[in-house]
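Written below as structure tokens is the structure these notes are about.
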Amino acid sequence: MRQHCRNASQIADFLSGQKMCCACSIRSAKGNKDAAANHPQVALAKKQMSGGGGIVTFEVMGGKKEAFKVAKALRLVDLSNNLGDAKSLLTHPATTTHQRLTPEARRAAGVTDRMLRISVGLEDTADLCEDLAQALAKI
């Protein structure tokens, strides 16, 4: 888990600097990487966890079409409905985990059509960043 958390932090930092990304955060029990102190369960999370989590949520410029363009262009990261593996996996929450919610409920939960969520695996982060960069270049 330590390596998952380290890798996720590096991927979040990389994505935060990409011009085709308009938002990026590590979401876990601690909340967003940049706003962890504001999360209602931050004290419990700090007691139970040593890292911020292995899931990175980011939004691409555009909408659903651009999000899927990025997802389909990835070579190392597989598009999946499930997250959490030694291999990096990516999902589009609006059409998978949150698909049964109304558009209003998705908006209230902060889930947009341009959002992607990557469960960062144990691959070399330089390889993952290169893969993400070439995919983002498609939009």
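Things worth noting here:
- Checking Asp78 against (1) at pLDDT 80 or above; (2) surrounded by 13 or more Cβ atoms within 10 Å (Cβ to Cβ); (3) farther than 18 Å from His98 by Cα; (4) in contact with a helix residue (DSSP H, G or I) (Cβ under 6 Å, 6 or more places away or on another chain), the condition it does not meet: (4)
- Residue within the stretch 95-111 that is within 13 Å of Leu15 (Cβ to Cβ), crowded, with 17+ Cβ neighbours inside 10 Å and touching a helix residue (DSSP H, G or I) at 6+ places or on another chain (Cβ under 6 Å) present: no
- The set of residues from the stretch 81-102 being outside any helix (DSSP H, G or I) and either closer than 19 Å to Cys129 by Cα or of a type in the set (A, V, I, L, M) (or both) comprises Leu83, Gly84, Asp85, Ala86, Lys87, Ser88, Leu89, Leu90, Thr91, His92, Leu101.
- Lys87 being of a type in the set (D, E, K, R), within 19 Å of Val111 (Cβ to Cβ) and at pLDDT 90 or above: no
The values are calculated or read from the model by the stated rules, or taken from the named source; none is laboratory data. Predicted, not measured: the structure shown is a model, and the values here were computed from it. Positions of Cβ are generated from backbone atoms using ideal geometry, with glycine treated the same way; all protein chains shown enter the neighbour counts.
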